[in-house]
Structure formats: C-alpha cells, structure tokens
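A short worksheet on the structure shown next.
Since every read-out is calculated from the coordinates, none of them should be taken as a lab result. Computed from a prediction, not measured in an experiment: that's the story for all the values here. Every residue, glycine among them, receives a Cβ derived from its backbone with ideal geometry; neighbour counts consider all protein chains shown.
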Amino acid sequence: MKNPKKKTLSAKKNKTTWSGRFNEPVSKLVQRYTASVEFDQRLAEYDIQASFAHAQMLSAAGIISTKDLAAIEKGLRQIRKEIHKGTFNWSLELEDVHLNIERRLTELVGDAGKRLHTARSRNDQIATDIRLYLRSSIDEIIKLIIKFQFSILDLAEKNINTVMPGLTHLQIAQPISFGHHLMAYFEMLKRDKHRLFDCRKRVNILPLGSAALAGTSYPINRKIVAKKLDFDDICMNSLDAVSDRDFAIEFCACSTLIMTHLSRLSEELILWMSPLFRFIQLDDRFCTGSSIMPQKKNPDVPELVRGKTGRINGNLIALLTLMKAQPLAYNKDNQEDKEPLFDTVDTLKETLCIYTDIIKGVHVDINSMRNAAIQGYSTATDFADYLTRKGMPFRDAHETVAKAVRAAEKKECDLSELTLPELQKFSQLIKKDIFSILTVDGSIKSRNHIGGTAPSQVSKTIKSARKNMS
Ligand code: ARG
C-alpha cells in the first residue's frame, strides 16, 4: 500500500457493481479468470424472462411502484432486442450475464433499473437461469430423441424379415431379425426419454426468492414468480436452492447413458460396414476417405460419436467433482458448472440430429447378413432343442450337436448341408424333419413370444411402439 491514493483512483475508474468496499481493482488476469460472461451470456434470454417475472412480482407485492415496473419492462424489452440483433455490448469488466444486463437496464431506465435487484441475489438468479435453460434444453432433446426413434422404427420396419447373425462375445450365436436388433436401440432410447422426463421434474422447481442464501426480508410472493415462469414447484430451502446443482448432474448422468447407447450403435455400424462384415453401407455424407489408402471409406461420424461419449462422461465427472464436499451455501465453484453443462447439451443435440440422418442413410446388404448367419452354425441351439423335444436331456443334446458342428467344420459346410445318414451317426432321434429346423428362417420364426425375434412378434412390437409414440 505505498500509494493508496493512486489505487483508490484506479479502483474508481474500474468501478464494478460490488466494488464499493474495495480499495483496489482486480488485476486484468483476475478479472478474466473470475468472469463468466463469455460463456454465461447464452443464458441472457432466461435471465430476462426471470427478471420480468421478478419485477412483476415486486410490483404486485407493492415492493416497487407500477411506474418502475413499466420502466423495467421497457428496458428489458430493449435489451432483448439488442441481444437478438447482436448490438448488445458485453463487457468482461461486468463479470457475468446478470451484471451486464442490469448495468444496461440502468443506463436505459435509470433508478428503476437499480431497483430490479431488490429481494434478489445473483445466487438465486443464476440457479433460476440454469433451470430455465435446462428445462428448455431437455424439451428440445426429448423431441430429438423422438425423431431418432422414428428413424429407427422406419429402418426396423423395412428389415423385419432380414436375417442376421445375432452375436454373443462377438461370436455368431443365433439367427435374429435385423429389425429386432434395431428395436433393441428403440428400447434404450425409450428409457433415455423417460429418464429425461423424470429429470425434468426436479429441474422445474423455482429457486428465485432464496436471495443470497437465507431468503429476504421483503414481503415477496414466490408463487406468483413460479406461475409466471411455469415452474411446477418452489425450492423449499433457501440454502439448498442457491447451492443445489443435483439437477444438472442428473441431466449429465442421463446424457452419459444416451451417449453410451449411441456409442454402442456406432461401434456396431462401424463393424457392420467394415469389409470384413459387409452388412451395411453408410451414405457417403457420413464418411471420409483416406489421404494415403485409396480404397478406404471411413465411418468418421459414428467414430466421432463413439469418441464424444468420452467428453460427455468427463462432463458428468467434472460436475460431481465440482460439487463434492462443497459447504453450504453458494460458492463460486458453481460458476464452473456451466461449460460442462452447455457442452453436454450442445454435443447431445448435434449427435441426436446427425444420428437420425445416419439411420436414414443405412443401406442393408441382406444377402451378406443372411450368409453370415447361415455360415456360423447359428441354428445349433435349434438343433439341440429339437433333440430335447424328442426326449434327449438338454445337456446331452448340447454335446451331440457340438459333435455335429465339429463334423461340419471338418467338411467345411453348414449343419444343414450334412446328409441325413451323416447326422444320424450322432443320434438315431434325428429324422428328415431336422432340415426344416436347421434353416435360419425356421429358427427365427420359432422364437415367437413377447420380446422374441420372430418376425410376427417384431412386427407387433413396431406397430405398438408407433402407436405409443403418437
Ligand atoms: N456468475 C456466477 C455463477 O455463475 C453468478 C453468481 C455469482 N454470485 C456471487 N455471489 N458471486 O455462479
């Protein structure tokens, strides 16, 4: 403090909303380090909506005059316009979205603007803004999931009778309908959607009115604000309300599951379009070539979806770590919640949009899929079931069929290509009717129960899924 006079002067020059009790301004680096306006300005529309509701409540409760309310509303409308037009002057010195808007409001309407912050703190303000933002993001994401589900339904419907090898351990297991396989993803997405509906319930609760942490001494009416902003309920504890970010963590957790599902689908698309599988082709718009290997067509988009799952998982861990061991109530740590949350919302929205399109660009090589199912002894279980039906204990049937598979491998043919006498060497229970059992279509058709792969079941499932979507 060698020259306090000079510092006081520069503090005055760099005056912020809260700098009244400070002797010196923050350094440029600290200013940049603590400011959030570069990323939280995207909350501006929600900040304005909440300010409208807050001001209207203040006026209804007689805390500010109707004249002040009219001035505030006029100013907020003007600010909204400036932000839309891109003419609003965002200033790093004003730290965040709240102070930027408040300063401009005061410039526009004078003292009425300064009254808007009565009975409010940035702590309950930001908690409200994020909830409004997340609520609308969830609604958009649910719509995108629904579109994606429809694209799955369309492709599944076209492939009810397409036979493919079902895999376990990535080894050929049993033949299945490709439509049935796709409907597995429909189910995952259905759960994802329901998780978001549920998460929305905990997002849609109003923190405003909690002020800094303890509530306010003004006669506020939180019900009016909740109603105006379409919140279902009001946060019941002011300390919890300003510091709770569970809802954001929960949303990020829901998102990790969505991305996990999409990463699984991506992995499958990547395998299926490999020349080693040749099950599908993806439209060129989702692929790139190699700069050195002319024959390559790389499934870049599914690969990136698989890769981006990592950042979505990272965002969840970032928020959990941010909140771990935070004492009540608000701490500046919470400012770090926004970028991971925004990144999750943005990545998820883009991924879902792209994926809906990817599914429309999947071209199935029906013969390749069917041949893979036929060649992989995928009807061996049906063979064992056949022997069991004829009275052989299942464990013995399993052993008998394993021997038949070994014989077919030796002969380099499918089970159905062994002759009846060759098959009968393994068991006299085997009769001519075995050949209908050994076909992949027969195998699929026989799994005819709720949740099974029989085409008639898959068709029913798709129909009822469509009905429940509308
Ligand atoms: N920018 C802050 C955030 O994102 C707003 C709340 C600031 N509150 C405070 N007391 N400094 O969390």
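Scan the stretch 288-342 for residues that are assigned to a helix (DSSP H, G or I), of a type outside the set (Val, Ile, Thr) and exposed (fewer than 13 other Cβ atoms within 10 Å of the Cβ) and report the count.
Step one: of the stretch 288-342, the residues assigned to a helix (DSSP H, G or I) are 300-323, 332-342.
Cutting the leftovers down to of a type outside the set (Val, Ile, Thr) gives us 300, 302-304, 306-308, 310-311, 313-316, 318-320, 322-323, 332-342.
From what is left, the residues that are exposed (fewer than 13 other Cβ atoms within 10 Å of the Cβ) are 307, 310, 332.
Of the residues in that region, 3 qualify.
Which of the residues that make up the stretch 351-364 are in contact with a helix residue (DSSP H, G or I) (Cβ under 9 Å, 6 or more places away or on another chain) and either surrounded by fewer than 20 Cβ atoms within 10 Å (Cβ to Cβ) or farther than 23 Å from residue 136 by Cα (or both)? Don't jump to the end; show me each part of the working.
Taking the stretch 351-364 first, the residues in contact with a helix residue (DSSP H, G or I) (Cβ under 9 Å, 6 or more places away or on another chain) are 351-362, 364.
If the condition is that a residue be in contact with a helix residue (DSSP H, G or I) (Cβ under 9 Å, 6 or more places away or on another chain) and either surrounded by fewer than 20 Cβ atoms within 10 Å (Cβ to Cβ) or farther than 23 Å from residue 136 by Cα (or both), then 353, 354, 356, 357, 358, 359, 360, 361, 362, 364 are the ones that fit.
Determine the pairs where a residue that is more than 22 Å from residue 172 (Cα to Cα), located within the stretch 382-397, has a partner that is of a type outside the set (A, V, I, L, M, F, W, C) with Cβ atoms under 8 Å apart, the partner being 6 or more residues away or on another chain.
The qualifying pairs are 392/400; 392/427.
Contact list please: Cβ distance under 6 Å, first residue in the stretch 122-145 and closer than 20 Å to residue 103 by Cα and polar (S, T, N, Q), second residue part of a helix (DSSP H, G or I) and within 16 Å of the ligand (Cβ to nearest atom), pairs at least six apart or on different chains.
123/242; 125/98; 128/50
So that you can scan it fast, the table gives a plain yes or no per residue for (1) closer than 28 Å to residue 328 by Cβ; (2) buried (at least 22 other Cβ atoms within 10 Å of the Cβ); (3) of a type in the set (D, E, K, R):
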| residue | (1), (2), (3) |
| --- | --- |
| 150 | no, no, no |
| 192 | no, yes, yes |
| 197 | no, no, no |
| 203 | yes, yes, no |
| 207 | yes, yes, no |
| 212 | yes, no, no |
| 219 | yes, no, no |
| 224 | yes, no, no |
| 232 | yes, no, yes |
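Taking only the stretch 30-77 into account, find how many residues are of a type in the set (Val, Ile, Thr), more than 16 Å from the ligand (Cβ to nearest atom) and free of Cβ contacts under 8 Å to residues at least 12 places away in the same chain.
Of the residues in the stretch 30-77, the ones of a type in the set (Val, Ile, Thr) are 30, 34, 37, 48, 63-64, 66, 72.
Checking which are more than 16 Å from the ligand (Cβ to nearest atom) leaves us with 63-64, 66, 72.
Adding the requirement that they be free of Cβ contacts under 8 Å to residues at least 12 places away in the same chain leaves 66.
Number satisfying all stated conditions: 1.
Matching residues to (1) over 30 Å from residue 185 (Cβ atoms); (2) of a type in the set (Val, Ile, Thr):
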| site | (1), (2) |
| --- | --- |
| 374 | no, yes |
| 386 | yes, no |
| 390 | yes, no |
| 408 | yes, no |
| 412 | yes, no |
| 457 | no, no |
| 464 | no, no |
| 467 | no, no |
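Please report, ordered by residue number, the helices (runs of 4 or more DSSP H) entirely within the stretch 184-275 with at least 2 residues that are within 16 Å of the ligand (Cβ to nearest atom).
Filter on the stretch 184-275 gives 238-243, 246-273.
Residues in the stretch 84-100 that are buried (at least 19 other Cβ atoms within 10 Å of the Cβ) and away from the ligand (no atom under 16 Å from the Cβ): how many? Step through it out loud before you land on a result.
Start the filter on the stretch 84-100 by keeping residues that are buried (at least 19 other Cβ atoms within 10 Å of the Cβ), which leaves 94-100.
Okay, now just the ones that are also away from the ligand (no atom under 16 Å from the Cβ), so none.
Looking only at that region, the number is 0.
Give me the pairs, please: first residue somewhere in the stretch 334-348 and closer than 16 Å to residue 129 by Cα and of a type in the set (Phe, Trp, Tyr), second residue anywhere and part of a helix (DSSP H, G or I) and within 15 Å of the ligand (Cβ to nearest atom), beta-carbon distance under 8 Å, and either six or more positions apart or on two chains.
These pairs meet every condition: 342/39; 342/42.
Taking the stretch 360-378 on its own, how many of its residues are outside any loop (DSSP other than H, G, I, E, B) and among the charged types (D, E, K, R)? Steps first, please.
Going residue by residue through the stretch 360-378, those that are outside any loop (DSSP other than H, G, I, E, B) are 360, 362-364, 366-375.
Right, trim to among the charged types (D, E, K, R) and you get 360, 370.
Qualifying residue count, the stretch 360-378: 2.
Taking the stated definitions as given, is residue 104 more than 9 Å from the ligand (Cβ to nearest atom), within 19 Å of residue 80 (Cβ to Cβ) and among the basic types (Lys, Arg)? Steps first, please.
On the way: more than 9 Å from the ligand (Cβ to nearest atom): yes; within 19 Å of residue 80 (Cβ to Cβ): yes; among the basic types (Lys, Arg): yes.
When the stated conditions are applied, residue 104 passes them.
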